[in-house]
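Colleague: Sharing a structure here in structure tokens format.
Bear in mind that the values in this text are calculations on the coordinates, not laboratory data. Just so we're clear, the structure is a prediction, and the values are computed from it rather than from any experiment. Cβ placement follows ideal geometry from the backbone for every residue including glycine, while neighbour counts extend to all protein chains displayed.
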Amino acid sequence: MIAGRFFDGTSSVGAPAHLTLGADGIARLHGLPVRIEAPADALKFSERVGSIPRRVTFPDGGVFETRDNDAIDEARETLGLKGGKAWLHRLESRWNVVLGSLATVVLLSVAFVQWGVPAIANQVAQVMPVQADRAIGIGTLDAFDRTLFEPSKLPAKRRTELSKEFADMTSPLGDGHQYQLEFRNSESIGANAFALPSGIVVMTDDLVKLAKSDEEIIAVLAHEIGHVRGRHALRQLLQAAGISALAVALLGDVSSISGILSGAPALLHAKHSRDFEREADAFARQWLREHDIDETKFDAILCRMTKTAGQSETEAIDYFSSHPPTDERVRCSPASDK
Amino acid sequence: MNETTIDAVGLAASSSAPVARLNVPFEFRATGGEYFRIWIVNLLLTIVTLGIYSAWAKVRRLRYFYGSTLLDGHSFEYHGKPLAILKGRLVVFAVYVVFLVVTEMWPLAVLLMIPIVIFAVPWIIVKARLFQMRMTSYRNLRFNFHGTYGGAMSAFVGWYFLVILTLGIIFPMWVRRQVAYILGNTAFGTTQFRFVTGNGRFFAFCYATMGLGILVYGAFFVLLFQAGLMNPQNNPDMAPGDLAKLIGLAGLCKLLLIAMAGVSVVGYYQAALANASFGGIEIGQTRVISKLRASSLIWIQVTNLLGLVFTLGLFYPWAKVRVMRYHLENTSLDTAGGIGEFTASAGSATDPLGEELGDFFDMDFGL
């Protein structure tokens, strides 16, 4: 006898009832004013989930509802009824299975963020046209011009020289990017250069002054070209989208956490950003070797930039830094100051 | 057990004797530990099946939560079929891929998409709500939804343009229209809900939220302006760590305070919206009472946030259960007739052919 309540499906009034599943294979409800019975294999049993009540649906639509999940499972077993996905509930009730699942999910997620997301982003970037890169960078330079930069104070002749060097570097690349070199003066940024996804490379006056030879400037430009050519901005965006999607897939729909979910890519932004810096470094070194320029020029200018920026070379690395520590990227020798 | 008393009241009401009104609270029996086990096994199976199991996972999750929600000693039940949900998701995915490809090849096609989206959104809302309601039952009686496409078009799209025309002043009326459309067209068995909350209440809490929101945003921009724009020592491509360097520890604390204030404003809005929405439902002789307190909801959300951060997300099942428990246990029914008075429309709960057809057409869009 399994105690529960019967709802006939025509109104919300229920009545207490008892269910028996006889050895003759007939299910009977007792304690009701009408006689209700049906062959046990014509009944529909709801799947067992947690400790929620179980529903047994009769062929005419009536439902017997009970909290006695174990009794239902026992009766089903005695009658040899198959299905019902009881194995799922068994998985969910065993803590060793649960902990194993947990470990697997964590491992798979970490591996996915570490290798899967960058690889997928790279693949997707390759099928996207170069115009996509340009769309990302629209307006960025204007915004910086309003806030950080003032016009360059370098002599026009010097700028023309360097622009020509830059054109010589980029024209054989033929990768569809519209490379363009821009000069700006900035008190606050100091000696620095950066690339916009559109192919515009910006160099500060301080950097030009800091360089001891044009080859050093070329080394920095090669690094920035590496960013554009590697399509790092686009891949960064795609990776952020991928990680957001993963976070939402895992942690779903608690409205109060949507805030941190959108922050998840930011946490990993720095790690991926460092990977991109390494990639651009590798591109610069490769380019310098191919053009018979001394690779140490790159080390020299980078070391000097770090020094003038007033950072210690062996920064106790904050996990969030967007660049790898300088001493990992280059070997700074006293000679580089000469 | 109070269920017998309720049924007695139900019988008394049907014999038309005057009865005192009774308060019947919702009860939520889910626990974080139990949901954690369901959640993690769901996750693993979803990952190893490359996402296909997610439809089955959704059904299990919803069945657990509906089944843990009790009213008058009886639980709700979710009847959604995983295959219907999977089909819906595949359609959504296919449409999304087509959209991506088309806009990639002809960027101007986005302009053509806008009218398509405008006409599709109300249809999706009606279908999703219909599926959701028909797949929900209580005491073996299904919920239903009678909203029309035209009604959804007016409530969601028409009013949107009215809001723009009036420069956003009547935004609260738009919110009310949507809630009234969704809830007022819902039915339990043959009994349709009525939505009775007036515009005044929506104006009050929407405008209060807007005022608080402006204050929080203002504080945020003042902080950014003081620290970020005045003193840019760093690369333009800024990572979070660089930001920390930029504004210092004091600035970081202020930022955290502002973030907390932002979470609080959201919590206030959610509590007020729930009270005005669910508290405005009348079903026959029964009224829904919703008494969420903003401070309690905010406390739950802030502690959830901390829990999630410090457990790297593992706190999720507990966080979810806490929020749902707070919502449900502060909602109750104020009833005169008892809960036994509702009846099914002919065949709606039991017609198996209707159910199969429903599964085919009523795809769940995961809204």
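Colleague: Taking a threshold of 31 Å on the Cα-Cα distance, which of the pairs A:Lys44/B:Lys291; B:Lys58/B:Lys291; A:Lys82/B:Lys320; A:Lys153/B:Lys254 fall above it?
Modeller: In this structure, A:Lys44/B:Lys291; A:Lys82/B:Lys320; A:Lys153/B:Lys254 lie more than 31 Å apart at Cα.
Colleague: Still on this model: Roughly how far apart, in whole Å, are the Cα centres of the range B:20-79 and the range A:225-249?
Modeller: Taking the Cα centre of each part, the range B:20-79 and the range A:225-249 sit 35 Å apart.
Colleague: For B:Thr49, A:Thr204, what's the fewest-to-most ordering of other Cβ within 10 Å of each Cβ? Walk me through the numbers before you get to the answer.
Modeller: Working: B:Thr49 13, A:Thr204 24.
Final ranking by Cβ density, sparse to dense: B:Thr49, A:Thr204.
Colleague: What average count of beta carbons from other chains do you get within 10 Å of the Cβ of residues in B:113-123? If you can, show how the numbers build up before the last one.
Modeller: On the way: counts 0, 0, 0, 0, 0, 0, 0, 0, 0, 0, 0.
Counting other chains' Cβ atoms within 10 Å and averaging over B:113-123 gives 0.
Colleague: Take peptide A:91-98, look around each residue's Cβ out to 10 angstrom, count Cβ atoms belonging to other protein chains, and average those counts.
Modeller: Values: counts 6, 11, 4, 2, 2, 0, 4, 8.
That average works out to 5.
Colleague: Could you please state, rounded to a whole Å, how far the C-alpha centre of the range A:1-23 is from the C-alpha centre of the range A:76-123?
Modeller: So the two Cα centres are separated by 35 Å.
Colleague: In what order do B:Lys291, A:Lys307, B:Lys320 fall by count of nearby beta-carbon atoms within 10 Å, going from fewest to most? Intermediate results must be reported in sequence, preceding the final value.
Modeller: Values: B:Lys291 12, A:Lys307 17, B:Lys320 24.
Least to most surrounded, the residues fall as B:Lys291, A:Lys307, B:Lys320.
Colleague: On average, how many beta carbons from a partner chain sit within 10 Å of the beta carbon of a residue in B:213-224?
Modeller: On the way: counts 0, 0, 0, 0, 0, 0, 0, 0, 0, 0, 0, 0.
Taking all residues of B:213-224 together, the mean is 0.
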